[in-house]
Amino acid sequence: MSNISQNEKSKRGKPRNFAKRIEPLVTYFKNCEDKTKGIGTIKQKDKYGYLINELRREYKLGKLLPEEVELLEYMGMKWTYTFMDTIEPLKLWCTKNKCDLSEATQYSKLEINFDGEIITYDIGELVRRFRRCKRNGELSDTQIRILDMMGLVWEPRKTEILYAHLIAYGEEVGTLANVPESLVYKFQDTTRNIGRQAERLKKKYVDGTLDQLTIDLFAKYDLWHGLEDKVYNELSR
């Protein structure tokens, strides 16, 4: 009997140490004054929002055992996201970066410190999800209008596609000011020499042949750092 149980757990991809993993949620539930709502009141922006998101994803993929689902539902777990819950990280990203979603790329991340623990939200994945939902007709007119007001760009820019690896590296490291010319970077199972890409962009920037959108996109990664004198000399010719 124990072998069957173990096989079932393996088949479902049961997370290790499930009881220990949800201890924060159990403590939260015990401290709730209104236990009819319990952990169902936790939003994505809250301290344990990341854990709620993970559990929802695992539930959707069938990775939770029946007794785990039963326990979470007893504590008030809700398995569906509301639209406003989903866009909360996008609002936080905009606030932190003092801009709207027009400056977000498919590779943007949001890090939030909760009592010394760094939680990372994949803003790029949310952008891709909303783009996909709109293409599939899954967003209401009001939801599209809200995202329009937030500045979401519905189609990936040509620059984002051409320089996906360079942008992803910039998001990871935080700067493109000193990219080695021979640097090769792997992203989404493919590799590119992003050092050469960076050098070509710099040359176009100095020559004045880059469009403003591309200039603005890479400016936040400091790609043009130290090129001001070269641009001035080029213009003075």
| Highest-first arrangement of 216-225, 95-104, where packing means the average Cβ count within 10 Å | 216-225, 95-104
| For Lys37 and Asn136, FRET efficiency with R0 = 30 Å and r from the beta-carbon atoms, rounded to 0.05? | 0.40
| remark: Short to long, in 5 Å steps from zero, the percent of alpha-carbon pairs of the chain per bin is 1, 5, 11, 13, 13, 13, 12, 10, 8, 5, 4, 2, 1, 1, 0, 0, 0
| Least to most buried among Leu92, Leu25 (fewest other Cβ within 10 Å first) | Leu92, Leu25
| query | With axes computed from alpha carbons, what is the tilt in degrees of helix 83-97 against the longest principal axis of the chain, rounded to the nearest 10 within 0 to 90? | reply | 40
| query | Dividing the alpha-carbon Rg of region 83-169 by 2.2 N^0.38 Å yields what? | reply | 1.11
| Can you list the residues of region 98-140 with backbone N under 11 Å from a point 7 Å past the Cα of Lys47, pointing along Cα to Cβ? | 114-117
| Using a Förster distance of 35 Å, the FRET efficiency for Cys99-Asn17 (Cβ separation, nearest 0.05) | 0.30
| query | Counting only residues 5 or more places away or on other chains, whose amide H sits under 5 Å from the amide H of Ser108 once H atoms are built in the peptide plane? | reply | Gly124
| Taking the Cα atoms of region 158-236, what is the range of coordinates along each of the three principal axes, in descending order and whole Å? | 44, 24, 18
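Read the figures in this text as sums done on the coordinates, not as results from a lab. All of these numbers come straight from a predicted model, not from anything done at the bench. Reconstructed Cβ throughout: ideal geometry from the backbone, glycine too, with neighbour counts over all protein chains shown.
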